[in-house]
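Working notes, beginning with the structure itself.
The values are calculated or read from the model by the stated rules, or taken from the named source; none is laboratory data. All figures in this text were calculated on a predicted structure; none of them were measured in a lab. Please note: Cβ atoms are built from the backbone with ideal geometry, for glycine as well, and neighbour counts cover all protein chains shown.
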């Protein structure tokens, strides 16, 4: 029977190295079925292991002899203590179909039940081993989505459109104190974003939460930049966020792109995205592409991305299991 060990808090250098080795071995094999999935980032993997999350407690387990690993986020925020997120469950290719994944899952499931959780969710790429394993356990895809990528530099310098009545600001790192409360209010517009049948409840944003989320990216070794369209009254009407989990790498992530309802219909979504590309062209010479996820039902953002030249890279889904 596979022995499952709990990682140290924080993990030792040897545990981090073993964790990274499993990720890279799995990616090398799974690339045959999912060639579009980018290689794992060592900086990001280390940061996620060693820097605690904001929204709950992360538990890490590893199978004996480095055969596999699992990470579970137990939400502690009010309204979400009934659910959790399976951040990772990976088995080394040469250890698959030997019960390692099942043993890891049983450890995860035991923790969920012990903590009184009634559901758990995870994100998996469609057509890969993650989807197959999740569905074998009874997980269901409650929010179909896809990854989209934008190749930078192919169309020449980005042309940022005029935004009459709005000024575009770029904030690398922390949003300035003078704007952080407005940023929290604008974040609240995400509440109407598609969430499918997810059990996870939307959490209100505060100035403190905005800064804490940005610090977390940086504490884990990454870089974060926000571009915002602001009004003369000091309101943030729209914004987008660029994150580079591995600053030296060629790929970045676009987190939220939000237009506040009262300011929709003015092209601000396109404007902040293009201003972000212009910033990246000037300040991130090694950056080659931006990846982002969009729910299949989010037709407005799909249209914006299509107009900017984003292409669908691979399907994915938010899979959920009721316990």
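Annotations for the structure displayed:
- Out of 65, 13, sole residue that is exposed (fewer than 13 other Cβ atoms within 10 Å of the Cβ) and at pLDDT below 95: 65
- Of the residues examined, residue 271 is not one that is crowded, with 21+ Cβ neighbours inside 10 Å, outside the structural domain of residue 49 (by TED's automatic domain parsing) and farther than 19 Å from residue 294 by Cα.
- Scanning segment 127-157 for residues that are in a loop (DSSP other than H, G, I, E, B), surrounded by fewer than 17 Cβ atoms within 10 Å (Cβ to Cβ) and in contact with a strand residue (DSSP E or B) (Cβ under 6 Å, 6 or more places away or on another chain) yields a count of 1.
- If you check 217, 241, 210 for being in a strand (DSSP E or B) and free of Cβ contacts under 8 Å to residues at least 40 places away in the same chain, only one passes: 241.
One line per residue, one yes/no per condition, for (1) farther than 14 Å from residue 272 by Cβ; (2) at pLDDT 95 or above:
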residue	(1), (2)
132	yes, yes
142	yes, yes
147	yes, yes
186	no, yes
197	yes, no
207	yes, yes
228	no, yes
241	no, yes
248	yes, no
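- Enumeration of residues in segment 74-104 that are surrounded by fewer than 19 Cβ atoms within 10 Å (Cβ to Cβ) and within 21 Å of residue 198 (Cα to Cα): 76, 77, 78, 79, 81, 82, 87
- Any chance residue 14 is out of contact with any strand residue (DSSP E or B) (no Cβ under 8 Å at 6 or more places or on another chain) and in a helix (DSSP H, G or I): yes
- Hey, residue 103 over 27 Å from residue 142 (Cα atoms) and either modelled with pLDDT of 95 or more or outside the structural domain of residue 218 (by TED's automatic domain parsing) (or both) or not: no
- Residue satisfying all of: in segment 174-193; assigned to a loop (DSSP other than H, G, I, E, B) and in contact with a helix residue (DSSP H, G or I) (Cβ under 7 Å, 6 or more places away or on another chain); surrounded by the most Cβ atoms within 10 Å (Cβ to Cβ) among these: 175
- Every residue from segment 22-76 that is touching a residue at least 60 places away in the same chain (Cβ under 8 Å) and in a loop (DSSP other than H, G, I, E, B): 33, 34, 36, 37, 38, 41, 51, 53, 54, 55, 67
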